[in-house]
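The values are calculated or read from the model by the stated rules, or taken from the named source; none is laboratory data. Nothing here was measured: the structure is a model prediction, and the numbers come from that model. Methodologically, a virtual Cβ is constructed for each residue, glycine included, from the backbone with ideal geometry; neighbour enumeration extends over all protein chains shown. Each accessible area value is taken on the protein alone, full model and side chains, heavy atoms only, with ligands, DNA and RNA left out. Shrake-Rupley method; radii C 1.70, N 1.55, O 1.52, S 1.80 Å.
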Amino acid sequence: MKPGETTSPVLAINLTGRGLVFVLFTAPLAPFDWGERVVPRKYRHQGTLQSVKVIMERYHPEIVVIEDGAATARLRGLRAATLYQDIAVEAEAQGALVFAYSREAVFRTFEKYQPLSKHDIAKVIAAHISEFRYHLPAKRKLWAKPSAWQTLFDAAALGLTYYSADGQLTMPPPV
């Protein structure tokens with residue numbers, strides 16, 4: 001199966017400092033469900049894996065999309081990379097295909113919009129997915145912590161990167 005060839009749910013997962021955020025797509029630009037799972041710091045690794053397992057048992061996605069572990073280790077640290085690898089193992093154990101994309105791949109997906117930041121990608125997603133329009137965070141100041149809503153858009157961007165891998169995702173050109 002090539003990326004994008006599916007009618008079953010596609011689960012996009014993005015790790016956060018508090019746990020994880022997920023977006024479940026039934027088709028490109030059609031999120032079915034999304035949410036955040038907060039895990040106590042003491043149980044972060046096992047709790048996050050348990051959250052993934054619960055989400056997968058609920059929705060039975062055939063495709064799970066995550067951040068590329070090698071690229072993640074460079075940007076976010078070894079713990080996040082190891083957790084993404086363990087999520088991939090859990091997803092495959094439940095029969096899902098796992099696709100991992102780097103931050104560069106996500107930016108290439110949205111390159112016709114000339115994004116300079118993750119916030120620029122979030123604006124494009126909000127313009128094309130009406131359910132997310134009201135969750136678009138304000139542009140982050142350099143000294144401020146990232147918005148919790150930004151991680152939702154990061155997960156959605158991973159899902160849309162999966163759909164665009166074989167040309168299934170078509171978004172209108174920028175204005």
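Residue count for the stretch 15-64, restricted to those that are under 22 Å from Glu92 (Cβ atoms), in a helix (DSSP H, G or I) and of a type outside the set (Asp, Glu): 15.
Set side by side, the residues Gly4, Gly19 differ, and just one is under 16 Å from Leu97 (Cα atoms), modelled with pLDDT under 95 and buried (at least 17 other Cβ atoms within 10 Å of the Cβ), which is Gly4.
Among residues of the stretch 138-175 being assigned to a loop (DSSP other than H, G, I, E, B) and within 12 Å of Val21 (Cβ to Cβ), the one that is modelled with the lowest pLDDT is Pro146. In this structure, Ile63 does not satisfy being closer than 16 Å to Val21 by Cβ and not hydroxyl-bearing (Ser, Thr, Tyr). Examine the stretch 96-116 for a residue that is in contact with a Phe, Trp or Tyr (Cβ under 9 Å, 6 or more places away or on another chain) and more than 19 Å from Phe25 (Cβ to Cβ), and state whether such a residue exists. Checked against the condition, which is being in contact with a Phe, Trp or Tyr (Cβ under 9 Å, 6 or more places away or on another chain) and more than 19 Å from Phe25 (Cβ to Cβ), the stretch 96-116 yields at least one hit. Here Glu67 meets each of (1) more than 20 Å from Asp154 (Cα to Cα); (2) among the charged types (D, E, K, R); (3) open to solvent by less than 50 Å² (accessible area, probe 1.4 Å) with one exception, condition (1). Phe99 meets all of the listed conditions (1) modelled with pLDDT of 95 or more; (2) of a type outside the set (A, V, I, L, M); (3) more than 23 Å from Ile55 (Cα to Cα) but one, namely (3). The residue that is nearest to Thr151 (Cα to Cα), among those in the stretch 89-131 that are assigned to a helix (DSSP H, G or I), open to solvent by 20 Å² or more (accessible area, probe 1.4 Å) and of a type in the set (A, V, I, L, M), is Ala127.
Scanning the stretch 31-50 for residues that are closer than 28 Å to His128 by Cα and without any contact (Cβ under 8 Å) to a residue 40 or more places away in the chain yields Phe32, Asp33, Gly35, Arg37, Val38. If you go through the stretch 39-47 one residue at a time, do you hit one that is open to solvent by less than 40 Å² (accessible area, probe 1.4 Å) and either more than 22 Å from Ala126 (Cα to Cα) or of a type in the set (Phe, Trp, Tyr) (or both)? Within the stretch 39-47, one or more residues are open to solvent by less than 40 Å² (accessible area, probe 1.4 Å) and either more than 22 Å from Ala126 (Cα to Cα) or of a type in the set (Phe, Trp, Tyr) (or both).
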